[in-house]
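Structure record follows, encoded as C-alpha cells.
Derivation of every value follows stated rules applied to the coordinates shown; laboratory data play no part. Nothing here was measured: the structure is a model prediction, and the numbers come from that model. With ideal geometry, Cβ positions are generated from the backbone for all residues, glycine too; neighbour counts draw on all protein chains shown.
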Amino acid sequence: MKRAIPLWLWVAALAAYLFLYVPLAVVVVFSFNDSKLNAQWVGFTTAWYVKLFNNEQMLTAARNSLVIAVSSALAATVLGTMAGFALHKYKARVLPVLVFAPIAMPEILMGVALLMFFVLINLTLGLVSVTLAHVAFCIGYVAIVVRSRLAGMDESLVEAARDCGARPWQAFRHVTLPLIMPGVIAGALMAFTLSIDDFVITFFTAGATASTLPLQIYSMVKIAVTPEVNAVSTLLLLLTLALIAVASRIAPGVLNVSK
Amino acid sequence: MREDRSAWLTPPNAAAPDTRMSTQATFRPRAGRWLVAGLPLAYLWLFFAIPCLLMLLASFRVPGEFGGLAPLVGSDGTPALSLRSYADLFGSTIYLWLFAKSLAIALVTTVLCLLIAYPLALLIARSPKRWRDLLLLAVILPFWSNFLIRVYAWMILLGPEWAIAKTINAVLGVFGIEPVTLMFSSFAVILVLVYVHLPFMVLPLYANLEKHDPALIDAAQDLGASPWQRFRYVTWPLSLPGVFAGAALVFIPAFGIFAVPDLVGGTDGIMIGNVIKQQFLETRNWPFGSVLSIMLTLIALALTGLAALAARPRRTAAV
Amino acid sequence: MKTLKLALLALTTVAALAGCGKKETPPPPPPAAAAAPAKPTGTLNLYNWNNYIAPETVERFEKEFNAKVVQTFYSDNDELLAKLAAGATGYDILVPTSNAVEVLIRKGDLLALDHAKLPNMKNLKPEFMDTSFDPGNKFSVPYAYSTTVLGYNDTQLKKAGFEVKGLEAIFDPAVACKLKNRITVLDSPDEVFSAAFFYLGIDPNTQSVDDYKKAAEAIKRAKRCWAAFNSSSYIKELSSGNIWLALGYSNDFFQANLEAAAAKQDFTVVAAIPSQGAVMSVDNMVIHKGAPNPELAHAFVNFMLDGKNAAELSNLIGSGSANAAAMEFIKPEVKAQAAVFPDAETAKKLRQLKLLPSELRQERGRLWTEIKAK
C-alpha cells in the first residue's frame, strides 16, 4: 500500500537535510579558500592540503589514530565476538551488565575512571593506554551486532554438524563463524570507526605523548578557525565515506538498522 | 555511532521461537565455556569495572598535596578517607545548580532533536523501499564524520561575517535592537548540541517507524480519523519506544559533554562536564572529580532506566 | 554465590591497587652516559609550550650535535603538571613557569643541574637568578618571560573614544560595557584573579580567602561585558577584528600585531602594561628526573643559554629574554615593546606568581566554577 507523503513532511524533511549538510558543505568548500580567515571566499587554492601534508604533528596524530584504531578493532572484535557468543548461548548474569554498561554510561566517567586506574597501576599513558581504553568500550558494540546476528541464525545447521560428529570448536569454525561473518565484520568496522573518532575517552587517557587525530583537531580548533582544519576535516570525511563504501560491499546489511 | 544502543534498550526478540536445543551447556566442555565467556569478562572487569570501583573509592579519599590522590594509608597508619568531597558537593549550591543547568540544556537539546528528527524519520519510513536506503544513508553520512568537525562547521557559520549573523542582526537592527554575537553564547551551545546529536535521534526513530503496520493507519482512516488524530492516536503511541531510545541516545552524551561549551560557550556557558574535566586536569582534586562523575552517572542512569521502562512495547495503540 | 565471590575478588583487587598508589620515591636516575669526551648526541625529548622555540634554533642544535629533537606541546602549566602527575615520562627538557617549577622541585621530579656543563649560565641577567623557589638555580635556569597585559585594537578603540590606561578598562562595568562583547580575558584562574587583585589594589600573591572572594565578586560584576574566557584563539580574534580588547600575554599580542599587518588590516594591536601592575611569567628550562638523555639535555640548556640562540625566540614571538648576552641580537622592534621591556618605574609594578597551598587552590577552583557557571 502506497502511503501518501504530505507536502509539509517533504518540506520539514528537506529542511532537516539542509540543516545537516550545509555546515559540512561549507567546511569542505572553504578548505580550498585562499584566505587565512574562514570568512569570505577569496580564491581557489590547494595550499592548505599541502600545508597539511607537511605538518609533522598532524601526520603523527593520524598515524597514531590508525595504529590505535586497527589494534583496538582487532582486539575488540575478537573479545566482542566471544562476548556476543556467550551472551547468546550462556545464561551469564554479570557479563551482560559489564558488556553493555560502557555503552550506556557517559563517556566522561569512563575516561576519568580509566585515567585514575592507569595512574594507580603506574601504566605510562600513551598509545597502549588509549588502545586498552578503546577496546573496553568497543567490545559492547561488537557484542551487540554479533549477538543479533547469532539470534537470526538457524541453529539447526549447527546441530546438524554436531550430529555428524563435529566437536564444538569445529562446529563453530566451519558453520557458525562463516554464517555470522558479516556481523563480525560489521562489528569490526564499527569498532574501527568508534576508535578513530573517539574524543572524550582518548582525551583523558592519552597522556602527553600520544596525540590522535581528534585530539589534534581539538587543539587546532581551540587556537584558530583556519582552513587547515577544513582540509583535515574534508580528508576525514572522505576517509569515512570510503569506509562506508567498503562496509556496504563486505556486509550489505551492515547499515540496515531495522532488525 | 551509537545507533545500536537502541538494541539494548529494546528487549530481545521475545516473539521468535526458541530454536536453541539443549545444546546450551551439556555438550560443551566447561573449559570452552569459561574461555569464551571468561576472556571478555576478565577484560571488562579489569578495564571497566575495577576502574569504576576505584573511582568510587577515590571519592572517599583525600586530595594529594600537589594534586591527584593522597596515599591511601596516611603517615600515621590510618586510612586517609573522608566524606569531605561529598560535603563539598552539597556545601556550595553551584554544583547542584550546574547539574540542573546541564540537565536543562540536555533536555532542551533532546526535545529540539526530536522535533527536527521526527519528520525526517517519518519521511524515510514512509518512502518507497528503493529510496529508503539512499535517504537513510544521507542521514548517516554526517553521523560518520568526526564530532569535532561538526562543531567546527558551526564555529565558522556563526562568525560575525557570515550570513546567519548578518541576517539576524539586520532583522534586529530593524527593531532597533543591538547586534548580538551568535558565537560564545547559550544559543550557540544548544544549536551545536542539537546538530551534533541529531542523527542519534533519527536512527532509532526510523527503526521504530519502519515497523509500523500501515494497516493500522488505514483502519483509523476508514473509521473517519483526521490526519492529526491518526498521528496522535496511532503513530505517536506506537513510536514511543523509538522516541525514548533516541532521547536516551541524545540525552546521555549531551548531559556530560564538555567540548561544545568549551569551544562555543560564552562567559557563563560551562556545564557540569567542564567542571569534571577541570577537577581532573586543572584543579587536580581527583576525589571531588570522582564525586561529580558518580553523580553524573547516577542521574544519567536513573533517567535512562525510566526511558527503558517507557520503551517497553505497548500492547495497544489506542488511547 | 558466584557473583558474591566475584564481587569480593573485585573489592580486594581494588583495595590492593588503591593501596599501591604512585610510588613516593623517585626511581634512580638513569646512569650517566659513559664518560666519553665525545659530544653528547642522540634524541632529545622537549616538552614545551606551543610555538615557544624558533625552528631555526632547533635545526641548528640538531646539526651541531647530530641529534634529533622530538617536540611535544602543552598549552597550560596545569596541563603540564597534570600530565606529569598522570605518569607521562620520557621527557628530557620541560619549560614550566616559575610556580610550576616550585611544584616540581617540591615533588622531587627534577634532575639537579650540573653547572659545570652549563658555562653559558654567566650570560643570564642577575635579577632573574637565585629565586626564592630555586635558590642557587639548582634545578632551573630562566628561559624567557612574558607579561600579562591589555592588548587592543587601536583604531576601534579610538573610534569608541576609549582610552586604555589600566585594568578598569575591563573590570569597571561602567567603562568595560562600552565595548560589550568585544572583550576577552584569559581562561586561567591564575591570570584573571591576579588581574582582579591588581585592580582592587591587593597583592596577587595574597593567601587570604576573603581577598579571593572579593576578587571573585569583581570578576562576576565585570563578566557581563566580556565576550568569552579565551586563552587560545584570541590572537586570531584580535587580528581579524572581531575582538577589540583582551587580557592576554605580551607574546600573543606581538603575534596578533604581525598577523594584522600581514592581513593588511587598518589597525595595529597595541599592548600596554596596566597602571595597576601586571603578572610577569618567567618560563624556565628544567630537566626531568627521568630524562632518557641527561647529557644531551644539559648540552641543549647550555646551547639555549648562548646569546644568539636565546635571542631567536624573542625575535620570533616577541618574548622578553632573561639573557643579557641576547639583548644585542634582539631586533629593535621587539626591544621597543613597552609591555615587555618596560622602564624601571613600570618594572617595579610587575609581579611573579607564587605557588598556592592546596586548600586555597581548591577554594579558588570552586570560585572559578561559580564565575564560569552563570
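Within 10 Å of each Cβ in A:212-218, how many Cβ atoms from other chains are there, averaged over the peptide?
On the way: counts 0, 2, 5, 1, 1, 6, 8.
That works out to 3 on average.
Sorted ascending by nearby beta carbons within 10 Å, beginning with the fewest, C:K83, C:K264, C:K214 become C:K264, C:K214, C:K83. Scanning chain C for DSSP H helices at least 20 Å long along the axis (C-alpha atoms) with a Kyte-Doolittle mean no lower than -1.0 picks out C:2-20. Taking packing as the residue-averaged number of other Cβ atoms within 10 angstrom, the listed peptides A:9-15, B:165-171 run from highest to lowest as A:9-15, B:165-171.
Show me the helices of chain B, taken as full DSSP H stretches, that run 20 Å or more along their long axis by Cα and average 0.0 or above in Kyte-Doolittle hydropathy. Don't skip to the answer; put the middle values down first.
Values: long enough: B:30-44 (21 Å, 0.75); B:93-126 (49 Å, 1.89); B:129-143 (22 Å, 0.89); B:186-209 (32 Å, 1.92); B:236-255 (26 Å, 1.63); B:286-310 (36 Å, 1.89).
Passing helices, by number: B:30-44, B:93-126, B:129-143, B:186-209, B:236-255, B:286-310.
Look at B:L120, B:L136 and count the other Cβ atoms within 10 Å of each Cβ; fewest to most, that gives B:L136, B:L120.
For the range C:309-374, what class follows from the C-alpha gyration tensor (a ≥ b ≥ c being the square roots of its eigenvalues): rounded when a/c is under 1.5, otherwise prolate if a/b is larger than b/c, else oblate?
On the way: a/c = 2.66, a/b = 2.54, b/c = 1.05.
Since a/c reaches 1.5 and a/b is larger than b/c, the shape of the range C:309-374 is classed as prolate.
Under the classification rounded if a/c is under 1.5, otherwise prolate if a/b is larger than b/c and oblate if not, where does chain A fall, given a ≥ b ≥ c as square roots of the Cα gyration tensor eigenvalues? Oblate, because a/c is 1.5 or more while a/b does not exceed b/c.
For the pair A:R173 and C:D266, what calculated FRET efficiency results from E = 1/(1 + (r/R0)^6), where r is the Cβ-Cβ distance and R0 = 51 Å, to the nearest 0.05?
Efficiency, rounded to the nearest 0.05: 0.10.
Across the alpha-carbon set of the range B:91-318, the Rg to Rh ratio works out to 1.04, Rh being the Kirkwood radius.
For peptide B:154-163, how many partner chain Cβ atoms fall within 10 Å of a residue's Cβ, on average? Walk me through the numbers on the way to the answer.
Values: counts 3, 7, 11, 5, 1, 7, 5, 7, 4, 0.
Partner Cβ neighbours, averaged per residue: 5.
Comparing the protein assembly as shown with the 2.2 N^0.38 Å rule of thumb, its C-alpha radius of gyration ratio is 1.00 (two decimals). DSSP finds beta bridges in the protein assembly as shown, and of those with both partners inside it, around 60 percent are antiparallel.
How many percent of all Cα-Cα pairs in chain C sit more than 37 Å apart? Spell out each step's value before the answer.
Numbers: 18706 of 69751 pairs.
So the pairs more than 37 Å apart make up 27 percent of the total in chain C.
Packing, taken as the mean count of other beta carbons within 10 Å per residue, orders the peptides B:288-296, B:80-88, B:66-74 from highest to lowest as B:288-296, B:66-74, B:80-88. Note on chain A: GNM, Cα springs under 10 Å; of A:A86, A:A242, A:A61, the largest mean-square fluctuation is that of A:A242.
Relative to the longest principal axis of the Cα atoms of chain A, helix A:227-250 runs at roughly 30 degrees. Placing unit charges on each Cβ (+1 for Lys and Arg, -1 for Asp and Glu) gives the protein assembly as shown a dipole about its Cα centre, and among C:A174, C:G151, A:I108 the Cα reaching farthest toward its positive end belongs to A:I108. Rounded, prolate or oblate for the range A:63-143? Axes are the square roots of the Cα gyration tensor eigenvalues, ordered a ≥ b ≥ c, and the cut-off for rounded is a/c under 1.5. Oblate, since a/c reaches 1.5 and b/c is not below a/b. Rounding to the nearest 10 and keeping the result within 0 to 90°, find how far the Cα-based axis of helix A:213-223 lies from the longest principal axis of chain A. In chain A, helix A:213-223 runs at an angle near 30 degrees to the longest axis.
Where the alpha-carbon atoms of the range C:99-165 are placed on the principal axes, they occupy 57, 28, 16 Å, in descending order. Using C-alpha pairs under 8 Å with a sequence gap of at least 6, the mean separation divided by the residue count of the range B:91-318 gives a relative contact order of 26 percent.
Of C:L186, C:L296, B:L301, B:L306, the sequence from fewest to most neighbouring Cβ atoms within 10 angstrom is B:L306, B:L301, C:L186, C:L296.
Peptide A:151-159 has a mean shielding of 3, counted as Cβ atoms of other protein chains within 10 Å of each residue's Cβ. The A:A25 and C:K214 beta-carbon pair, evaluated with R₀ = 60 Å, returns a calculated FRET efficiency of approximately 0.75. Principal-axis analysis of the Cα atoms of chain A puts helix A:127-151 at an angle of about 50° to the longest axis.
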